[in-house]
Amino acid sequence: MELEIKNGTVYDPLNKVNGDRMDILIKDGMIVKKLHGKHEVIDASGKLVMPGGVEIHSHFAGGKETAGRLLRPEDGARTVYPKRNGLRSGSGYSMPSSFTAGYLYAQMGYTMCNTPAMPPLFARHTHEELGDVPIVDKSAYPTFDGNWFVMRYLKEDDPDKLAACVAWFLRATKGLVIKLVNPGGTENWGWGKNAVGIDDPVIGFDVTPGEIIKGLAEVNERLKLPHSIHLHPNNLGKPGNIETTIETLDLGKSIKTDKGRQSIYLTHAQFHSFGGDSWKNFESKADELAKYINSCDHVVCDTGNVTLDETTTMTSDGPMEYFLHNLTHLKWVNKDVELETAPGITPFIYSRKNPVHSVQWAIGLELALLIDDPFKVLLATDHPNGGPFTRYPRIIAWLMSEPYRRYYLEERVHKGAQKGSSLATLDREYTFSDIATVTRAGQAKALGLSELKGHLGVGAHGDVAIYDINPSEIDPSNDFKAVEKGFAKTVYTIKDGEIVVRDGEIVAAPQGRTYWANPVVDHELDREMLKDVEQYFKKYYSVNLANYPVQKEYLERGREIQIDARDVK
Amino acid sequence: MEKHTDVICPFCGTLCDDIEVHVEKGRVMEALNACKLGNAKFMSMNKKHRHLVPMVREGDGFVETTIEDAVERVARMLLDAKRPLLYGWATTECEAQSVGIELAEEVGGVVDSCASVCHGPSVLAIQDVGFPSVTLGEVKNRADLDIYWGSNPMHAHPRHMSRYSRYPRGYFRERGQQDRTVIVIDVRRTDTAGIADKFLQVSPGDDYELVNAFRTLLNDGDIPDEVAGVAKKDIEGALELMKTCQFGMLFFGVGLTMSPGKHRNIDNAISLVIDLNKYTKFSLMPMRGHYNVTGFSEVLTWQSGFPFGVDYTRGYPQYNPGETTSVELLSRGEVDAVFVVGSDPAANFPKKAVEHLAKIPSAVIEPHETPTTYLCDLKIPSAIAGIEVAGTAYRMDNVPIRVRKIMDPPAGLYSDREILKMILEKVREIKNGA
């Protein structure tokens, strides 16, 4: 099948295309230079054309995601999606059900979504559910923050077996990325305790969060993984946590990478940029984090914007969710996972009238505006924690329009946001190219998938989003409502050369790929490490080793990224 | 002889995955490590008690028919009905459940599982107050206090205590049994109570009061000398163990969910556990019965947003337990056809519900003869999931495990998944034709 997208206004930052009028050609699902045969033509004159969006951090599928849906039938009843056009029905405002999530992302022009916290023991669930998320390509990040094997090898100072063991877990769980959530804190949560600083002890294992982070960042580079470690640091959501955040990021300074990308990916930075020492003198420290990130090359972050909605918070940071539950006294789910991690869930109502929530709203925007290079600060709400992903169009409009932000600051949110943040003083407005960077190009680059994703050059996947926005006519600063509406639904979303959305309606729902990393280490080392794994498994896990790895049946369109790491021995 | 190791037992929610099954010439010779219930399920493969061809009711008896005819009859029954009920799902694999949900959506029916008559109240309570829980390996490695309330694992989940709670050695519990305390709370001295360190005999129907007594004391209130048939000093003694343990676990069964108070009992029990977290680490878990009843609520929740009792009559999922759940729908005569897969409602639903079930058109996919197959109009035999068919099942702590296929089904039998797919295709064919 061949397709020509004619005469659109194209923004493709990775190829330095900045609003040029040009044609995009797709053959057999890939972007090509030339078409030969008869082909379908889409006239994109006066339309905004970008590569398919890439979601780098969204809890849209997995064990705790489903537990969050189960916990909140009130969220399901709030928004329903009837069955039509041969598609599946669904429900959920803050936490849409699986099919619906795939449709909604595609309607916004997204063609790849990554679910960022998969407890390895629940990997089979995650992949089963990913199979029910149509259209978009996918991946999952297994969590290593409280992994007993990791802590044991760190304590024994055996970096080779540690690397081999991480490689084994990626293979067994069909995961793509090393994810860390409140390192060490989730293990301590097994006893109802936490680890808030990088030097706190992990009970029973004689290691520290700092050692876990540094050790795994080094392993990540030895295994030559596409992405860096994906880090949710300790002490999330507490006043004054900026100190912990900066100390944590310092750990990545000495990590050498030859991948040309960050060595630490800091996720939902908003929740880690708090000043003050109580909720009373709570304030933004976005400026401090932005200054740090501007002055170094080893950190990329995403914003973790708060959108002022009623939502369902869910993280693998069990102690944090309990802390939140004690603040709100709303219902609380905990799901500690043996030898691995500790997810938790609780609803949260962000209120415009609340000074703390309003400052949080400001921090997410401040970060995006204060960090100079948009490749270093990507757009995400940590869906659904800061707000649902369906709010992205509004965040885009905020970023592109100072008047829109001013309207919120002066008339919509609590006055505390003006005092507690510097947002009122920021007049930067994002360009369409900046938006293309923070919603697709930057994500693809940070993930190490920029050969195939996030751009429109020859050899990329034929994933394209066409929006009904005419960049040469619109003034985003004043027409912010038109920007918000324009990014909410595409005129066309094209996935692998196939039209999946037309005029905002889903017209096809093919199965996407699932990417996973398979770093292959030295065979002898692998065997030695597996002996330890076998012994541990029998004694401490509640399932047998033979029943643990995710079978191939669970990945309908699995894409293995094989990496030669045999120099690890 | 074929030796199959690491086999998963498709019987109860404990989902033991260390069974070794010996098969010789299509016969199960042994099922090592299995408990008496699991062993019985594996050994029953040798009995000649299964029906092997689809049968349709004619007059007072049944006559044989083909699978094609049976599939078409089910498809037409579901399409002719205004509001069909698709019920069961606890003893089949998630892949079949997924097709079943799609079928319910396609025909605009109600889909519900036996959680409706079992741990449904637990779900309602979770939706009210939450659910602090852990996986079973956490219990094995950390727990020094296990409470079984309204649950008798010695008979219902025979290996639960040996694998996860009373007996195993864990990372932080190296001495196994000696490092652990067990409390049993029940209306009678069960066999589980016999191996407990402490037994509290609650008077029938008064579980709620006993939970309240614990919570009152915990929150600095006072209680009478006896509550729910239990002496104050025993309540205080048990509470002291709860407050001072390092890692406590409350396992609860249908004795708590289905006795008077229902979801309010669980609501209160969860609140007790949440209160206890101010003192120590404490969690709870329902003792789920059928091996994959948990899986159904997982699949239905990620696909529709709701865990059981989902009504697709309006083209989108609606969930309102009491209105959209099987017993109520049947008792009030609000469904006009029933399709049962992997369950036996005639054996355990209230009389009024079963009477309506017997009146309206009904079909069942079921490997064995059951009270439901006697009542229904059409019965389709199928392969046995977890022994003759591989697929996913979710343990009582929501851990997903792939059940294995260790032998072929008798010739001519299809899996639940295949039969459901045929019905779904036929439904679409008929709809498109019309």
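Per residue of chain B, the DSSP helices (runs of n ≥ 4 H) give a summed -39500 (n - 2.57) that works out to -10500 deg cm²/dmol at 222 nm. Averaged per residue, the protein assembly as shown has 33 square angstrom of accessible surface, using a 1.4 angstrom probe with ligands and nucleic acids left out.
A prolate overall shape is assigned to the stretch B:249-374, the ratio a/c of its alpha-carbon gyration tensor axes (a ≥ b ≥ c) being 1.5 or greater and a/b exceeding b/c. The separation of the stretch A:362-385 from the stretch A:418-435, counted between C-alpha centres, amounts to 10 Å. Taking packing as the residue-averaged number of other Cβ atoms within 10 angstrom, the listed peptides A:528-538, B:275-285 run from highest to lowest as B:275-285, A:528-538. Taking a ≥ b ≥ c as the square roots of the eigenvalues of the Cα gyration tensor of the stretch A:53-447, is the shape rounded (a/c under 1.5), prolate (a/b larger than b/c) or oblate? It is rounded, given that a/c, with a ≥ b ≥ c, falls under 1.5. Ligands, DNA and RNA left out, the accessible area of the protein assembly as shown computed with a 1.4 Å probe is 48% carbon and sulfur.
Got a sec? Which residues of the stretch A:507-547 lose 30 Å² or more of accessible surface with every protein chain in place, vs. that chain alone, 1.4 Å probe? Buried by the other chains: A:TYR540, A:SER542, A:VAL543, A:ASN544, A:ALA546, A:ASN547. Each part gets one Cα centre, and for the stretch A:106-171 versus the stretch B:263-292 those centres are 29 Å apart.
Approximating the spin labels as points 7 Å out from Cα along Cα→Cβ, the A:ASP157-to-B:THR244 distance works out to 4.2 nm. Using a loss threshold of 20 Å², tell me which positions in the stretch B:369-402 are less accessible in the complex than in their chain alone. Probe radius 1.4 Å, ligands and nucleic acids ignored. Buried-area filter returns B:THR392, B:TYR394, B:ARG395, B:ASN398, B:VAL399, B:PRO400, B:ILE401, B:ARG402. Distance between the 7 Å Cα→Cβ label points at A:ASN294 and B:GLU2: 6.8 nm. Separation of the stretch A:389-414 and the stretch A:452-471, taken as the distance between their Cα centroids, equals 26 angstrom. Buried on complex formation within the stretch B:305-352 (loss of at least 20 square angstrom of accessible surface versus the isolated chain, 1.4 Å probe, ligands and nucleic acids ignored): B:GLY305, B:PHE306, B:GLY315, B:TYR316, B:PRO317. Loop-resident trypsin sites (Lys or Arg not before Pro) (DSSP state other than H, G, I, E or B) in the stretch B:325-434 with no more than 12 further Cβ atoms inside 10 Å of their Cβ: B:ARG332. Given R0 = 22 Å, the distance between the Cβ atoms of A:ASN518 and A:LYS259 translates into a calculated FRET efficiency of 0.85. Peptides B:57-70, A:364-377 ranked from most to least packed give A:364-377, B:57-70, packing being the mean of other C-beta atoms within 10 angstrom over each peptide's residues.
Pulled fully out, how much extra length does the chain show between B:GLU429 and B:LYS351, if you take 0.36 nm times their separation in residues and subtract their Cα-Cα distance?
24.4 nm
Packing order of peptides B:295-301, A:73-79, B:339-345, highest average first: B:295-301, B:339-345, A:73-79 (average count of other Cβ atoms within 10 Å over each peptide's residues). Excluding ligands, DNA and RNA and using a 1.4 Å probe, chains A and B jointly bury around 5000 Å² of accessible surface, summed across both partners.
Between B:GLU226 and B:ASP60, the contour length at 0.36 nm per residue exceeds the Cα-Cα span by 54.0 nm. The overall shape of the stretch B:150-245, judged from the alpha-carbon gyration tensor, is oblate: a/c is not under 1.5, and a/b is no greater than b/c.
The values are calculated or read from the model by the stated rules, or taken from the named source; none is laboratory data. Owing to the predicted nature of the structure, the values given are computational and were not obtained by experimental measurement. Methodologically, a virtual Cβ is constructed for each residue, glycine included, from the backbone with ideal geometry; neighbour enumeration extends over all protein chains shown. Only protein heavy atoms, including side chains, enter the accessible area calculation; ligands, DNA and RNA are left aside. Shrake-Rupley method; radii C 1.70, N 1.55, O 1.52, S 1.80 Å.
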